[in-house]
Amino acid sequence: MWRLAAAVAAVLVLAGCASADADGDAHVPARTTASPGTSGQAVAAALAFATHSDPEVTVADGYAMLPLAVQRGQQPIDLAGGHANPCARPPGQRFSASERAAIQAAFHGRSVSFVRDPATGLREREPGSLLLVATRPLLANQRGTVMVISCVPDPQQVLVTVQWDGHAWQATATGTGNR
C-alpha cells in the first residue's frame, strides 16, 4: 500500500514539474533583454562602420597590440616614441574562425579579405585600397570602444563606440587620434 502511495506522489510531483516548465517557472525571473553578443561581433561592427561603403576591404587577421592609452583614444600612435606600427607587422593574436565569420557577416555581402601581414597585404593591393587593423574591444556591460586603424596612406586611428541594442552591436564614431 505504501508503494502505491509513493508512486502516486511521485507521479503528482513529476506532473507538477512538467506543468511549471510548460508555463514558465514562476520562481525564475523573466529575461527582458538579450545578452550582448561576443566581443568579436563588436569588433565586426566597428570594422564595418569604419569602412563606410567601400566595396572591397582588407582586414589584418587578428588584434593589434597597442598600449591601453592608445586603444582608449587618449594618445595617438607614436611610431617615433616606440609604439609598434600595426600596419607594418602581423597582429599579436589572430582572429578565431567565429570572429572571422562575424566580420564577414557584418559587411553584408561586400568583399572582405584577411591578411596575416598588413605590410605584405598593402604591397599586394592596388594603391589606395583600404586595409584595416583592429585592437581588442574595450567593453563594459553593453557598451565600449574599438580602436580601428586605417593603414592607407599611414596609420590613422579611429575610435569607434559600440553599443548593444538588445539584438546586435551598433557602432558610431567617437573621434580620431590623428588624421
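Data overview
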read-out: Prolate/oblate/rounded label for region 77-164 (Cα gyration tensor, a/c 1.5); value: oblate
read-out: Rounded if a/c under 1.5, otherwise prolate or oblate - region 92-132, Cα gyration tensor axes; value: oblate
read-out: Residue-span extension gain [THR38 to LEU79] - 0.36 nm each, minus C-alpha spacing; value: 11.7 nm
read-out: Residue-span extension gain [ARG89 to ALA69] - 0.36 nm each, minus C-alpha spacing; value: 5.2 nm
read-out: 12 Å cut-off, amide nitrogen to a point 7 angstrom out along THR120 Cα→Cβ, residues in region 78-112; value: 89-91
read-out: Solvent accessible area, Å² - ARG136, 1.4 Å probe, full protein context; value: 80
read-out: Computed lengthening from ARG110 to GLU56, 0.36 nm per intervening residue step minus Cα-Cα distance; value: 18.8 nm
read-out: Per residue, the convex hull volume that the Cα atoms of region 133-175 enclose (Å³); value: 66
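The values are calculated or read from the model by the stated rules, or taken from the named source; none is laboratory data. Source: prediction; values computed, not measured. Glycine also receives a Cβ, built like all others from the backbone with ideal geometry; neighbour counts cover every protein chain displayed. In case anyone asks, the SASA skips ligands and DNA or RNA and just uses the protein heavy atoms, side chains included. Shrake-Rupley method; radii C 1.70, N 1.55, O 1.52, S 1.80 Å.
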